[in-house]
Amino acid sequence: MTTGASDLGTALSDLKLAEAMRVLGLLEPGRLQAQAMEWAAAGVDSASVRELTALPPGSDTAERVALLAEAAAELELGFATVQDARVFHVKAVLANPAAGIPGGNPLDISNNFTDHFTSTAKGAFASFTGRFRRRNG
């Protein structure tokens, strides 16, 4: 994600990226309060963003994540499907390889994606060959 969102457009884009990462399970909620402060300073006007900035230190992670989801809904920055969130996230990563990646390391998400894809492909292959053997066995 971009840090130091200085204008409203960038701040809204950052918030939408944070929401995509939440939907995809990639969000690091520890930075949400600082990000919300950046969004508010850039002019994002949302009751949930204001509430997120006002949370006491060490507040509940689930509460911070819920406030992000509420802010995205209030600002109409949410996603209808997980696929929509994935497309937005991929476009952000292609535009800036360190954007939208927990810790900013493209290899982390690449390795996770590769591991998931390999596991899914192996499962599909095993399922297919098992069915083929039952039919022709």
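The values are calculated or read from the model by the stated rules, or taken from the named source; none is laboratory data. Every value quoted in this text rests on a predicted model; they were computed, and no experiment measured them. No Cβ is skipped: glycine too gets one built from the backbone with ideal geometry, and neighbour counts run over all protein chains shown.
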Among the residues of region 42-85, the number that are closer than 19 Å to T10 by Cβ, over 17 Å from the mean Cα position of the chain (by Cα) and either in a loop (DSSP other than H, G, I, E, B) or touching a residue at least 40 places away in the same chain (Cβ under 8 Å) (or both) is 5
When N112 is run through (1) at pLDDT 70 or above; (2) outside the structural domain of A47 (by TED's automatic domain parsing), the failure sits at (1)
All-but-one check, R31 against (1) more than 17 Å from A85 (Cβ to Cβ); (2) assigned to a helix (DSSP H, G or I); (3) in contact with a helix residue (DSSP H, G or I) (Cβ under 8 Å, 6 or more places away or on another chain), failing number (3)
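For (1) farther than 24 Å from R50 by Cα; (2) acidic (D, E); (3) at pLDDT 85 or above, each residue gets a yes or a no:
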{"site": "E74", "(1), (2), (3)": "no, yes, yes"}
{"site": "L77", "(1), (2), (3)": "no, no, yes"}
{"site": "V82", "(1), (2), (3)": "yes, no, yes"}
{"site": "A92", "(1), (2), (3)": "yes, no, yes"}
{"site": "G100", "(1), (2), (3)": "no, no, no"}
{"site": "G103", "(1), (2), (3)": "yes, no, no"}
{"site": "P106", "(1), (2), (3)": "yes, no, no"}
